[in-house]
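Presented below is the structure to which this report refers.
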Amino acid sequence: MKRVIVGLSGGVDSSVAAYLLKEQGYEVIGLFMKNWHDDSVTISNECPWLEDSNDAMIVAEKLGIPFQVVDLSEDYKVRIVDYMFNEYEKGRTPNPDVLCNREIKFDVFLKIALDLGADYVATGHYCRKGEEEINDEPVYKLLAGIDDNKDQSYFLCQLSQEQLSKALFPIGELTKPEVRKIAAEQDLITADKKDSQGLCFIGKVRLPEFLQQKLQPKEGVIVQIPEDSAIYNREIPTFHSKEEELAFFSTKYEYTISDGKVVGKHQGAHYFTKGQRKGLAVGGTKEPLFVIDTDVVENVIYTGEGKNHKGLYRNVLFVSNEELHWIRTDLAMQNGASMEVLSRIRYRQKLEEATLYKVETGMYVAFKNAQSAITEGQFVAWYLNDELLGSGVIS
């Protein structure tokens with residue numbers, strides 16, 4: 001019997017994952033990861049870890065599998081929370097869920113599982129794993145989940161071949177309603193439990209208050225840039241190479257306060273992200289204002305009216321070599337190469353046609369259609385059909 005350690009989160013997905021593995025004849029052990037202690041910044045009982053670990057324990061009892069809680073809060077603080085503060089301070093917007101999978105579930109947690117003699121770790125992610133022999137070597141593939149509505153492959157876009165080799169995704173072939181149905185038939189306490197929101201394992205966090213623990217509030221101005229600003233009529237030069245052209249179109253618009261009018265005040269540019277609409281508290285416009293850029297050095301937020309504002313859209317983004325990651329290392333591109341792919345810049349976004357261009361310093365991703373709110377610090381992931389090949393941090 002192969003031994004599998006399941007990350008039981010106290011939700012329905014991981015509960016059903018554990019049940020299915022047991023049905024398939026694996027020796028299953030449930031572990032709950034406790035990653036956070038500070039309840040002062042979570043929102044009123046929305047997702048306190050205690051209730052979740054309790055639910056996970058009840059599920060383990062029901063399934064007749066061993067269960068324990070592991071405290072990973074030290075690692076979580078260093079690898080996820082400190083990283084988040086650091087990124088926000090630089091004016092970038094991190095994705096803690098992607099990092100949590102790479103750094104915690106499939107690293108710290110995986111090591112604990114291997115120490116317990118496990119052959120695999122399993123999670124309740126809606127994605128699938130494939131395997132193929134290429135040049136006599138096993139190559140592991142990360143495939144989208146069957147349920148288009150719930151596909152979570154994006155969150156695993158930073159996994160390595162090594163990590164994938166040890167991973168199982170038991171519910172990847174199922175839809176969410178099917179998962180809930182199995183949980184109900186097995187009388188699992190989590191069958192009707194709401195999906196958790198918010199940070200991976202912290203629960204619903206009040207982000208500004210969370211960030212304020214480290215990043216001090218600092219009053220600055222909100223500037224509205226008009227749609228017909230001369231900035232958007234920049235002259236397009238003659239390009240001598242494809243790379244010059246890509247570099248030009250991947251460069252974001254540069255704003256100064258004199259480009260627009262001051263319409264309000266904020267408590268810190270580092271609390272805001274591109275594309276954000278809520279929390280600006282500025283009235284008097286026909287359509288809502290959206291953040292089109294933030295300047296953390298001058299502490300200014302630039303906004304535009306309406307979700308079609310020119311300042312929100314761009315076709316090309318860049319990923320530096322240091323932040324470029326291939327799950328399929330055998331398909332990694334050489335300088336000068338290009339590849340037609342499908343790509344997304346955030347979870348739940350539908351896949352968009354794009355072309356990858358590998359250059360000496362990194363890689364450009366050029367979308368066929370302009371994308372809204374391409375945000376530094378977020379991950380871009382690229383696919384061939386339903387296989388996720390790689391990802392990178394948007395520079």
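The values are calculated or read from the model by the stated rules, or taken from the named source; none is laboratory data. The shown structure was predicted, so the numbers you read here are calculated from the model rather than taken from an experiment. Virtual Cβ from ideal backbone geometry, glycine too; neighbours counted across all protein chains shown.
Of all residues in segment 336-359, which are hydrophobic (A, V, I, L, M, F, W, C) and in contact with a helix residue (DSSP H, G or I) (Cβ under 9 Å, 6 or more places away or on another chain)? Matches in segment 336-359: M339, V359. I'd like the full set of residues that are modelled with pLDDT of 95 or more, acidic (D, E) and either touching a His at 6+ places or on another chain (Cβ under 7 Å) or not in a helix (DSSP H, G or I) (or both), limited to segment 23-51. Scanning segment 23-51 gives a single hit, E27.
Tell me whether segment 224-233 contains one or more residues that are crowded, with 19+ Cβ neighbours inside 10 Å, over 26 Å from the mean Cα position of the chain (by Cα) and either more than 30 Å from V16 (Cβ to Cβ) or of a type in the set (S, T, Y) (or both).
Initial filter on segment 224-233 (crowded, with 19+ Cβ neighbours inside 10 Å): 224-225.
From what is left, the residues that are over 26 Å from the mean Cα position of the chain (by Cα) are 224-225.
Pick out the ones that are also either more than 30 Å from V16 (Cβ to Cβ) or of a type in the set (S, T, Y) (or both) and you get 224-225.
For segment 224-233, residues crowded, with 19+ Cβ neighbours inside 10 Å, over 26 Å from the mean Cα position of the chain (by Cα) and either more than 30 Å from V16 (Cβ to Cβ) or of a type in the set (S, T, Y) (or both): present.
Counting only residues that are in a helix (DSSP H, G or I) and in contact with a helix residue (DSSP H, G or I) (Cβ under 8 Å, 6 or more places away or on another chain), which one in segment 302-320 is surrounded by the fewest Cβ atoms within 10 Å (Cβ to Cβ)? The residue in question is K310.
When T361, T303, T355, T329 are screened for being among the β-branched types (V, I, T) and either closer than 30 Å to K261 by Cα or in contact with a His (Cβ under 8 Å, 6 or more places away or on another chain) (or both), only T303 passes.
Which members of segment 321-330 meet the condition of being within 13 Å of S160 (Cα to Cα) and either assigned to a strand (DSSP E or B) or not β-branched (V, I, T) (or both)?
Going through segment 321-330, the residues within 13 Å of S160 (Cα to Cα) turn out to be 324-330.
If the condition is that a residue be within 13 Å of S160 (Cα to Cα) and either assigned to a strand (DSSP E or B) or not β-branched (V, I, T) (or both), then L324, H325, W326, R328, D330 are the ones that fit.
Select from segment 349-382 the residues that are touching a residue at least 40 places away in the same chain (Cβ under 8 Å) and closer than 18 Å to A144 by Cβ and write down the one among them that is farthest from the chain's Cα centre (by Cα). Among those that are touching a residue at least 40 places away in the same chain (Cβ under 8 Å) and closer than 18 Å to A144 by Cβ, it is W382.
Please enumerate the residues belonging to segment 378-393 that are surrounded by fewer than 20 Cβ atoms within 10 Å (Cβ to Cβ) and either among the β-branched types (V, I, T) or at positive phi (or both). I'd like the intermediate steps shown before the answer.
Within segment 378-393, the subset surrounded by fewer than 20 Cβ atoms within 10 Å (Cβ to Cβ) is 384-387.
Within segment 378-393, just N385 meets the criteria.
Does L20 satisfy the criteria of being modelled with pLDDT of 95 or more, over 24 Å from the mean Cα position of the chain (by Cα) and not in a strand (DSSP E or B)? Answer is yes for this residue.
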